[in-house]
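For reference, the structure discussed in these notes is given below.
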Amino acid sequence: MYFTGFTCVSCQRVYRPDQDLLLCPACDNLLEAQYDLARLGRDVDRDALARRPATVWRFAELLPVLDPGKIVTLGEGGTPLLRSDRLARECGVRELWIKTDAANPTGSLKDRSITVSATKALEFGYGVLSCDSTGNKASSTAAYAARAGLRSVVFCPYETPLPKAAQAVFFGAELIRVRSHYSAINAMYRQLIRSGRVRWYDCGTDNPFRYEGKKTYAYEIAQDLGWRAPDHVLHPIAGGMSLVKTWKGFNEMRALGWVDRVPRMAGVQAQVCAPIVEAWERAETVVKGIEKRPSVASALGVADPGLLGTRCLETIRASGGAAAGVTDDEILNAVRALGREGLFVEPSGAVTLAGLPRLVRSGHIDREASVVCVVTGSGFKDFEAIARMVSIPERAVTTYDEMVAAATGLSSEGTPR
Ligand SMILES: Cc1ncc(COP(=O)(O)O)c(C=O)c1O
Ligand SMILES: [Zn+2]
């Protein structure tokens, strides 16, 4: 075991690896997991990792678990990294890779982190997993609770896309919908967990174990690129911790000598709900909450990301990266562009591809750069949004002759004449 405990990012207090923690007990700030990287570097051969099954747990030594016998897995992670020269041309960069996290077991990035929190729930002896969520975290929490034989309770905005809510209920969650927006729900949910009125394992925004799962993006991307970091990684931002942890992963690999440099991190939000982008554009040091406005990227609708947002902003800056807000039209065009590559992505998951041309135009990303866009959720997760983008032809045939007539009525490209 190489996990040595947590350090508070603010007061720098240190905590033992076996403690059941959320925020820093002394100052309520975020905790960051630490590892004995010097020893890990001596013991673990990066190339030997490639012979293990391609899941998040390929990197188990770099995750904060004490009992590998309790790992709760659905085979998450190990998602394809696909090169697209066509999308690279369209976005104006030399080399573009799409990290397709829609391919996770429940269809979103959340499985990377919930697999870790479900495992910790078993280690700590909890019977119930809980979270607040814009939808994806809820369905993932429910799935991993089912897999672990635990119960789950999830709190979501009333308008959560039906597929996400249905998936959570299908996996057996108690779904409690709240007539409010995510950040207001988050504040109430945190109060509930802290009140001690329930003894649930919180898989929500305060869980420092869960967040470590997110850094596995970095390890997978570097491994798939032949232990090379790209120039830029773009990630959709809701709370912001996926971006923070991806960068942590690259920094750990540099400390281990597995890569020789780290990428610049770029975060993308929907323009109408972009508190982190706004703070970055105004060169502020703290992210302030904004008025929530709806966008097609419903999963990213976090109007007040609080501590996480500020940490994300700091990470973007420290990496020399950038942030961009995108319009609904740009997001839907990115969904279509991914569709032309055969990729089925929910609007929230496609914002990175929408943001890339903007960041190229503004000069934050060089045309000669190598870029990874993380796409984070399946089209099935927000299916109504996708269904609105197409019209199913009225045309239908019954007999063979009608089929021939319909088929020969198509142009040589396969479309109706
Ligand atoms: C599809 C999708 N992409 C990206 C994110 C962003 O995650 P984070 O809160 O780590 O910024 C979320 C979070 O809900 C999401 O559902
Ligand atoms: Zn502290």
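The values are calculated or read from the model by the stated rules, or taken from the named source; none is laboratory data. Just so it is clear, the structure is predicted and the values come from calculations on it, not from any experiment. Here the Cβ positions follow ideal geometry from the backbone for every residue, glycine too, while neighbour counts run over all protein chains shown. Accessible surface is based on the protein model in full, side chains and every heavy atom, while ligands, DNA and RNA are left aside. Shrake-Rupley method; radii C 1.70, N 1.55, O 1.52, S 1.80 Å.
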Original post:
Would you call Ile185 in a strand (DSSP E or B), open to solvent by less than 10 Å² (accessible area, probe 1.4 Å) and either of a type in the set (Val, Ile, Thr) or touching a residue at least 40 places away in the same chain (Cβ under 8 Å) (or both)?
Top reply: no
Original post:
Can you tell me which residue in region 121-151 is nearest to the chain's Cα centre (by Cα), limited to those that are aliphatic (A, V, I, L, M) and buried (at least 24 other Cβ atoms within 10 Å of the Cβ)?
Top reply: Ala138
**OP:** Please go through region 38-76 and pick out each residue that is of a type in the set (Phe, Trp, Tyr) and either closer than 26 Å to Phe171 by Cα or touching a strand residue (DSSP E or B) at 6+ places or on another chain (Cβ under 6 Å) (or both).
**Re:** Trp57
Subject >> Residue check, Ala334 more than 16 Å from ligand 2 (Cβ to nearest atom) and assigned to a strand (DSSP E or B) >> reply: no
Original post:
Pick from region 188-213 the residues that are in a loop (DSSP other than H, G, I, E, B) and open to solvent by less than 10 Å² (accessible area, probe 1.4 Å): which of them is nearest to Ala145 (Cα to Cα)?
Top reply: Cys203
Original post:
Looking at (1) modelled with pLDDT under 95; (2) within 16 Å of Val296 (Cα to Cα), which is the only condition Lys381 fails?
Top reply: (1)
**OP:** Filter region 316-355 down to residues that are open to solvent by 10 Å² or more (accessible area, probe 1.4 Å) and within 24 Å of Glu252 (Cβ to Cβ), then give me how many there are.
**Re:** 5
**OP:** Please identify the pairs in which a residue from region 1-22 that is in contact (Cβ under 8 Å) with a residue 60 or more places away in the chain has its Cβ atom under 8 Å from the Cβ atom of a residue that is within 16 Å of ligand 1 (Cβ to nearest atom) and part of a loop (DSSP other than H, G, I, E, B), counting only partners at least 6 apart or on another chain.
**Re:** Val9/Leu30; Leu22/Asp206; Leu22/Asn207
**OP:** Select from region 123-143 the residues that are within 23 Å of Val169 (Cβ to Cβ) and part of a helix (DSSP H, G or I) and list them in ascending order.
**Re:** Asn136, Lys137, Ala138, Ser139, Ser140, Thr141, Ala142, Ala143
**OP:** Out of Gly342, Gly320, report the one residue that is more than 18 Å from the chain's Cα centre (by Cα), free of Cβ contacts under 8 Å to residues at least 40 places away in the same chain and at positive phi.
**Re:** Gly342
**OP:** Scan region 224-238 residue by residue and report those that are over 10 Å from the mean Cα position of the chain (by Cα) and closer than 18 Å to Glu212 by Cα.
**Re:** Val233
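I need the full set of residues from region 346-363 which are more than 11 Å from Glu330 (Cα to Cα) and either small (Gly, Ala, Ser) or near ligand 1 (Cβ under 9 Å from one of its atoms) (or both), in order please.
Once the filter is applied, which keeps residues that are more than 11 Å from Glu330 (Cα to Cα) and either small (Gly, Ala, Ser) or near ligand 1 (Cβ under 9 Å from one of its atoms) (or both), region 346-363 yields Glu346, Ser348, Gly349, Ser362, Gly363.
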**OP:** Just need a number here: residues in region 23-41 that are without any contact (Cβ under 8 Å) to a residue 24 or more places away in the chain and under 15 Å from Phe3 (Cα atoms).
**Re:** 1
**OP:** Would you be able to tell me the number of residues in region 352-407 that are among the charged types (D, E, K, R) and under 30 Å from Gly92 (Cα atoms)?
**Re:** 8
Subject >> Count of region 226-250 residues which are of a type in the set (A, V, I, L, M, F, W, C) and either within 19 Å of Val326 (Cα to Cα) or within 16 Å of ligand 2 (Cβ to nearest atom) (or both) >> reply: 5
**OP:** Could you check, for region 361-375, whether at least one of its residues is assigned to a helix (DSSP H, G or I), surrounded by fewer than 24 Cβ atoms within 10 Å (Cβ to Cβ), of a type in the set (A, V, I, L, M, F, W, C) and modelled with pLDDT of 95 or more?
**Re:** no
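Every residue, every condition in (1) buried (at least 19 other Cβ atoms within 10 Å of the Cβ); (2) within 16 Å of ligand 2 (Cβ to nearest atom); (3) on the phi > 0 side of the Ramachandran plot, yes or no:
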{"position": "Phe3", "(1), (2), (3)": "yes, no, no"}
{"position": "Val9", "(1), (2), (3)": "no, yes, no"}
{"position": "Gln12", "(1), (2), (3)": "no, yes, yes"}
{"position": "Leu49", "(1), (2), (3)": "no, no, no"}
{"position": "Leu63", "(1), (2), (3)": "yes, no, no"}
{"position": "Leu96", "(1), (2), (3)": "yes, no, no"}
{"position": "Asp101", "(1), (2), (3)": "yes, no, no"}
{"position": "Ser108", "(1), (2), (3)": "yes, no, no"}
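Considering only residues that are in contact with a Leu (Cβ under 8 Å, 6 or more places away or on another chain) and of a type in the set (Gly, Ala, Ser), which ones fall in region 74-91?
Within region 74-91, the first condition is being in contact with a Leu (Cβ under 8 Å, 6 or more places away or on another chain), and the residues that meet it are 81-85, 87-88, 91.
If the condition is that a residue be in contact with a Leu (Cβ under 8 Å, 6 or more places away or on another chain) and of a type in the set (Gly, Ala, Ser), then Ser84, Ala88 are the ones that fit.
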**OP:** For region 113-120, state whether one or more residues are at pLDDT 95 or above, assigned to a helix (DSSP H, G or I) and open to solvent by 10 Å² or more (accessible area, probe 1.4 Å).
**Re:** no
**OP:** Please go through region 26-36 and pick out each residue that is more than 8 Å from ligand 2 (Cβ to nearest atom) and open to solvent by 30 Å² or more (accessible area, probe 1.4 Å).
**Re:** Glu32, Gln34, Asp36
